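Asks: Pasting a structure below so you can have a look.
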Amino acid sequence: MISIKGINGNLVFNFLPGNFEDYIRFLTQKFSSNPRLFAGSKVVFRGEGLNFLSHEEIAALQKLCLDYGMVLNNNPSSLEKGAGQDVIIYRNIRSGQKIFSEGSVIVWGNVHESAEIIAARDIIILGKLEGIVHAGFYGDKNSIVFALQMAPGQIRIADKFSRAPADYTPKDYPEIAYLEEDTICIKRYVPQENLARLNS
Amino acid sequence: MNNSENNGSQVIVVTSGKGGVGKTTTVANVSCALARMGYKVAVMDLDIGLKKLDLILGLENRVIYDIVQVIEGECTLKQALVKDKRFNHLYMLPAAQTRNKDDITPEQVKALCDEMRKDFHFIFIDCPAGIEQGFRNAISAADKAIVVTNPEVSAVRDADRIIGMLESAQFKDIKLIINRIRMDMVKSGNMLSIEDLLEHLCIELLGVVPEDKNVVVSTNKGEPIILNEKSAAAIAFNNIARRIAGEKVEIPDFSENSSFWSRIKTLFSR
């Protein structure tokens, strides 16, 4: 009906053919189930479903988004790849410190326990990751998390999250976390296969 | 002395984030040790409303004026400084017990420290627990910071937070004291080791103070533990003072034997 995708810090609502009542019901249910995920996001409407709606109906859909704290993006050029500003940090991120990026984040250092990194796209830690990371914050399910040593309290990718098992022992090789069928998977980083996945 | 800035005087804040890890005990003992070595030392209690430094130094009955009264102009700095009863070169500026942390500002603390720099080699600031106004007051005037932590996860998380805040405040010289470590427990794997703490916090180690029940006794008596020559904690605090003064003092390898006393015994049995 409506597919929601995060692209460069925007939430793109792709309207497949359908009727107005169903759109309203679908979005209301989506928004109310996870208001924090949506609030503050930039929204772009797209898709051929829009062609069958009146101006009033589109305005009503937009108002629904505004009511849940979203922002309408009237500048869809920011959908182009790389529009979000990447952040590169050359130090350790300590407890209580929070890094946010509309693009990807690269940290040359460790991310300590109870530090937070949130990015619209990928998170790459060239050090030990012990804190909380959220890649694909706006819902981009292709986002990944990479760390030289992966020992996070929690990993979130798009709207999924997972936490380390209680008996988890960190590996001494680099690992990558990604979404596969809505489950967060972590595996050893192997350049060839992971690059193939990232390019897809 | 190896410090160039501000006519050679150093303002050092002792902080931790978490309460009860031994900030005030560290300030009291290190400052006494430095005063005994002949340096002119001032200690400033900024835990306004919850003061303890006067008790630990055993000077509670000699307090007449406090820091808030100095700042508000009710008395002069000279009148408020309490001279220590044991060391001629040690002075304490007491906190006000009936006021609170919002009654002074970082700028006022800075001005006060600048006034004191000309008379003292070392000015120690006893920082309150927490990260609010009291913390901001305490770090405003300092050139260097000492972070005190215990080998337990709650204290380490707070220390990490504090180090982050100090780094954001442009502190370049931040050193760590690990207080109340029990090597027998580290050995049996029930306590974080020195290596664990350093790996996590990534800052330079200034000293390690072993758990020592004599500290409670001396605190209750209002006598610094460094006056007790037999205490393991006293030796550790003395070493810390010497390192602050610029001496090279090895950090002993506590892990060789389970306790300080067994190390002493092996020393004599050689």
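The values are calculated or read from the model by the stated rules, or taken from the named source; none is laboratory data. Since this is a predicted model, take the numbers as computed values, not measurements. Methodologically, a virtual Cβ is constructed for each residue, glycine included, from the backbone with ideal geometry; neighbour enumeration extends over all protein chains shown. Note: accessible area is taken over every heavy atom of the protein model, side chains too, but ligands, DNA and RNA are not part of it. Shrake-Rupley method; radii C 1.70, N 1.55, O 1.52, S 1.80 Å.
Asks: Pick from region B:222-249 the residues that are more than 13 Å from B:T25 (Cβ to Cβ) and charged (D, E, K, R): which of them is surrounded by the fewest Cβ atoms within 10 Å (Cβ to Cβ)?
Replies: Across region B:222-249, the extreme among qualifying residues is B:K248.
Asks: For region B:132-191, which helices (runs of 4 or more DSSP H) that fit wholly inside it have 2 or more residues that are free of Cβ contacts under 8 Å to residues at least 60 places away in the same chain and crowded, with 20+ Cβ neighbours inside 10 Å?
Replies: In region B:132-191, the matching helices (runs of 4 or more DSSP H) lie at B:153-168.
Asks: Condition test on A:A177, is it surrounded by 23 or more Cβ atoms within 10 Å (Cβ to Cβ) and more than 14 Å from chain B (Cβ to nearest Cβ)?
Replies: yes
Rundown of residues vs (1) among the polar types (S, T, N, Q); (2) in a loop (DSSP other than H, G, I, E, B); (3) crowded, with 17+ Cβ neighbours inside 10 Å; (4) at pLDDT below 80, yes/no style:
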| residue | (1), (2), (3), (4) |
| --- | --- |
| A:F31 | no, no, yes, no |
| A:V43 | no, no, yes, no |
| A:G49 | no, no, yes, no |
| A:I58 | no, no, no, no |
| A:L66 | no, no, no, no |
| A:G69 | no, yes, no, no |
| A:N74 | yes, yes, no, yes |
| A:K81 | no, yes, no, yes |
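Asks: A further question on this structure: Test of understanding: among B:V21, B:V109, B:V13, which residue is over 17 Å from B:G130 (Cα atoms) and β-branched (V, I, T)?
Replies: Result: B:V109 is the single residue among B:V21, B:V109, B:V13 that is over 17 Å from B:G130 (Cα atoms) and β-branched (V, I, T).
Asks: What is the residue count in region B:141-175 for residues that are among the hydrophobic types (A, V, I, L, M, F, W, C), closer than 10 Å to B:G17 by Cβ and within 14 Å of chain A (Cβ to nearest Cβ)?
Replies: 7
Asks: Here's something else I'd like to know. With within 14 Å of chain B (Cβ to nearest Cβ), within 30 Å of A:R188 (Cβ to Cβ) and within 21 Å of the chain's Cα centre (by Cα) as the only criterion, which of A:E130, A:E102 stands out?
Replies: A:E130
Asks: Moving to a separate point now. Which of the strands (runs of 3 or more DSSP E) contained wholly in region A:89-150 include at least 2 residues that are farther than 19 Å from A:Y178 by Cα?
Replies: A:98-101
Asks: A further question on this structure: Can we say A:A59 is free of Cβ contacts under 8 Å to residues at least 24 places away in the same chain, within 14 Å of chain B (Cβ to nearest Cβ) and small (G, A, S)?
Replies: Values: free of Cβ contacts under 8 Å to residues at least 24 places away in the same chain: yes; within 14 Å of chain B (Cβ to nearest Cβ): no; small (G, A, S): yes.
The answer is no for A:A59.
Asks: Can you say whether B:R99 is out of contact with any Lys or Arg (no Cβ under 9 Å at 6 or more places or on another chain), more than 28 Å from B:T149 (Cβ to Cβ) and of a type in the set (K, R), as far as the supplied structure shows?
Replies: Working: out of contact with any Lys or Arg (no Cβ under 9 Å at 6 or more places or on another chain): yes; more than 28 Å from B:T149 (Cβ to Cβ): yes; of a type in the set (K, R): yes.
The answer is yes for B:R99.
Asks: Give me the pairs: first residue in region A:148-166 and assigned by TED's automatic domain parsing to the domain that holds A:A135 and within 17 Å of A:V111 (Cβ to Cβ), second residue β-branched (V, I, T) and open to solvent by 40 Å² or more (accessible area, probe 1.4 Å), beta-carbon distance under 7 Å, and six or more apart or on different chains, which are they?
Replies: A:M150/A:I186; A:P152/A:I132; A:G153/A:I132; A:Q154/A:I132
Asks: Looking at B:G20 and the list (1) under 18 Å from B:I139 (Cα atoms); (2) part of a loop (DSSP other than H, G, I, E, B), which single condition is not satisfied?
Replies: B:G20 satisfies every listed condition except (1).
Asks: If I filter region B:211-224 for residues that are under 13 Å from the mean Cα position of the chain (by Cα) and not in a strand (DSSP E or B), do I get at least one hit?
Replies: yes
Asks: Among the listed residues B:I56, B:I67, which satisfies the condition of being farther than 27 Å from B:K213 by Cα, buried (at least 23 other Cβ atoms within 10 Å of the Cβ) and either out of contact with any His (no Cβ under 7 Å at 6 or more places or on another chain) or without any contact (Cβ under 8 Å) to a residue 60 or more places away in the chain (or both)?
Replies: Values: B:I56 fails: farther than 27 Å from B:K213 by Cα.
When all the criteria are applied, what remains is B:I67.
Asks: Does any residue of region B:8-15 turn out to be free of Cβ contacts under 8 Å to residues at least 60 places away in the same chain and assigned to a helix (DSSP H, G or I)?
Replies: No, because not a single residue in region B:8-15 is free of Cβ contacts under 8 Å to residues at least 60 places away in the same chain and assigned to a helix (DSSP H, G or I).
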